[in-house]
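Q: This is the structure I want to talk about, given as structure tokens.
The values are calculated or read from the model by the stated rules, or taken from the named source; none is laboratory data. Not measured: the values here are computed from a predicted model. Cβ placement follows ideal geometry from the backbone for every residue including glycine, while neighbour counts extend to all protein chains displayed. These accessible areas exclude ligands, DNA and RNA; they are computed on the full protein's heavy atoms, side chains included. Shrake-Rupley method; radii C 1.70, N 1.55, O 1.52, S 1.80 Å.
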Amino acid sequence: MEKVSKFLKIFYLAIPLAVLLLYLSLNYGSSFSKDFESTHYVLDTFVTVKIFDPNRNTEKDVSEVFSFLKRMEDVFNFYSTESELSKINEELKSRGFARLRSQEMREVAAKSLELAEMTGGAFDPTLGELTRLWAFDRGGRLPDRKEIDAALKNSGFEKISVSGNELKGSRGMTLDLGAIAKGFCLEKAAEILKEKGYRKFLINSVSTTIVYNTLDSKPVKVGIEHPRKRGLLAVVPVYGSAVLSTSADNQKFFEFAGKRYHHILDPRTGYPARGTASLTVAGSIDGATADALSTALFVMGPSRALRFAKNNGLKVILYTEEGKIFIYPQSNWIQIQER
Ligand code: AMP
Ligand code: MG
């Protein structure tokens, strides 16, 4: 009798142990137990790096990525007087031309011109005087028409050219690379991880997301914030690799006399672009292109943006100021959360 109760005791003890082992074995190898994720505040935003196939060097590799992004602040920070961009802007202001010191700045300058041309100037890297006037980084202010006209006189991508280390512009012009630099830096970060042999990762900066996956057929889900409500507007399951970028009027804005004024400016008027509240562009494009295009397509307004996406093989999720959703192409590549 005593033998039987001893057996039962061992048997009952073994059950939770078996359940625990089963649980561990099911999760071993799944993304739940082995993904590596790290988030830091850098380039004026939260950046998350998630590695789905980590190894013993991953922590070191990811911190190398963040050191690189931190270094890029010295190049592209619009507000620090010490950055390369500020030095370029000082030279432009006084002489109308400037020396491009770093390889990264040369690449972004060339890419900016290419994208300004491609979008008919909806993306324009020369709006620095205008963005200073609106001061959205400090809560924003409503400039008067005269100030806006003066700032517009000092802008215009057609006035700049890049050759080698030199950028020619016009006196009084100020570059603002806020719509492209972050996407460019994230793309470089992705290159670092690819070189190190990672086959599945995500790099996300709130507005731009790079998904790289040559490892498996499982999708990486990317959420898009709703511009008017708490929660998500949509979820995009990304199969393979893609880059997504969102520009939205709820990121930096103020309201005055019942009207919303936000940080995405129409270079033709000098005022915040109207018609769109949130625009996400997705495709097999690089981070800099995605970042600049989300800004440009936002500026274009809904119908021009959808036509642009169609002509250039891009996917678009667009939420208008009136609360309508447009998706191109109209297929089930996306899960809409709220209507
Ligand atoms: P994003 O959030 O990527 O759409 O970029 C918006 C930022 O880019 C703004 O905060 C400005 O610094 C700058 N910007 C605003 N309007 C434009 C525009 N039409 N073209 C290029 N840069 C812009
Ligand atoms: Mg952008």
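Q: Please specify each residue of the range 179-221 satisfying the condition of being free of Cβ contacts under 8 Å to residues at least 60 places away in the same chain and within 25 Å of Met72 (Cα to Cα).
A: Glu191, Lys194, Glu195, Gly197, Thr209, Val211, Tyr212
Q: Within the range 286-313, count every residue that is surrounded by 21 or more Cβ atoms within 10 Å (Cβ to Cβ) and either without any contact (Cβ under 8 Å) to a residue 12 or more places away in the chain or under 27 Å from Leu202 (Cβ atoms) (or both).
A: 15
Q: What residue, of Lys159, Lys87, Lys146, is surrounded by fewer than 13 Cβ atoms within 10 Å (Cβ to Cβ) and either closer than 27 Å to Lys194 by Cβ or at pLDDT 95 or above (or both)?
A: Lys146
Q: Right, another one. Within the range 232-282, take every residue that is at positive phi and touching a strand residue (DSSP E or B) at 6+ places or on another chain (Cβ under 8 Å) and give me the one that is modelled with the highest pLDDT.
A: Here the residue is Gly275.
Q: Next up: In the range 213-244, how many are open to solvent by less than 70 Å² (accessible area, probe 1.4 Å) and touching a helix residue (DSSP H, G or I) at 6+ places or on another chain (Cβ under 8 Å)?
A: Here the count works out to 2.
Q: Could you check the range 209-223 and list, in sequence order, the residues that are in a strand (DSSP E or B), polar (S, T, N, Q) and away from ligand 2 (no atom under 16 Å from the Cβ)?
A: Asn213
Q: Restricting to the range 125-140, and then to whatever is open to solvent by 20 Å² or more (accessible area, probe 1.4 Å) and part of a loop (DSSP other than H, G, I, E, B), can you tell me which residue is farthest from ligand 2 (Cβ to nearest atom)?
A: Gly139
Q: Of all residues being assigned to a strand (DSSP E or B) and open to solvent by 60 Å² or more (accessible area, probe 1.4 Å) in the range 162-175, which is modelled with the lowest pLDDT? Just the residue, please.
A: Only one residue fits best here, namely Ser163.
Q: Kindly indicate whether Gly178 is more than 16 Å from ligand 1 (Cβ to nearest atom) and either open to solvent by 20 Å² or more (accessible area, probe 1.4 Å) or assigned to a strand (DSSP E or B) (or both).
A: No.
Q: Can you pull out every residue in the range 252-267 that is part of a loop (DSSP other than H, G, I, E, B) and either open to solvent by less than 50 Å² (accessible area, probe 1.4 Å) or in contact (Cβ under 8 Å) with a residue 12 or more places away in the chain (or both)?
A: Within the range 252-267, Lys252, His263, Ile264, Asp266, Pro267 qualify.
Q: I'd like the full set of residues that are surrounded by fewer than 18 Cβ atoms within 10 Å (Cβ to Cβ) and in contact with a helix residue (DSSP H, G or I) (Cβ under 8 Å, 6 or more places away or on another chain), limited to the range 314-323.
A: Residue satisfying the conditions is Thr320 alone.
Q: Among (1) small (Gly, Ala, Ser); (2) more than 12 Å from the chain's Cα centre (by Cα); (3) within 13 Å of ligand 1 (Cβ to nearest atom), where does Ala290 come up short?
A: Of the numbered conditions (1) small (Gly, Ala, Ser); (2) more than 12 Å from the chain's Cα centre (by Cα); (3) within 13 Å of ligand 1 (Cβ to nearest atom), the odd one out for Ala290 is (2).
Q: If you don't mind, there's one more thing I want to ask. Of everything in the range 268-285, what is more than 13 Å from ligand 2 (Cβ to nearest atom) and either aliphatic (A, V, I, L, M) or outside any strand (DSSP E or B) (or both)? Give them in sequence order.
A: Arg268, Thr269, Gly270, Tyr271, Arg274, Gly275, Ala277, Ala282, Ser284
Q: Taking the condition in contact with a helix residue (DSSP H, G or I) (Cβ under 7 Å, 6 or more places away or on another chain), over 27 Å from Asp286 (Cα atoms) and in a loop (DSSP other than H, G, I, E, B), does Pro143 pass?
A: yes
Q: Among the residues in the range 73-82, are any open to solvent by 80 Å² or more (accessible area, probe 1.4 Å) and either of a type in the set (Ser, Thr, Tyr) or in contact with a Cys (Cβ under 9 Å, 6 or more places away or on another chain) (or both)?
A: Yes, the range 73-82 has at least one match.
Q: Given the criterion of a type outside the set (Asp, Glu) and either within 14 Å of ligand 2 (Cβ to nearest atom) or on the phi > 0 side of the Ramachandran plot (or both), identify the matching residue among Ala309, Ala305.
A: After applying the criteria, what remains is Ala305.
Q: Do you know which of the residues in the range 181-208 that are away from ligand 2 (no atom under 16 Å from the Cβ) and assigned to a strand (DSSP E or B) is nearest to Val47 (Cα to Cα)?
A: Leu202
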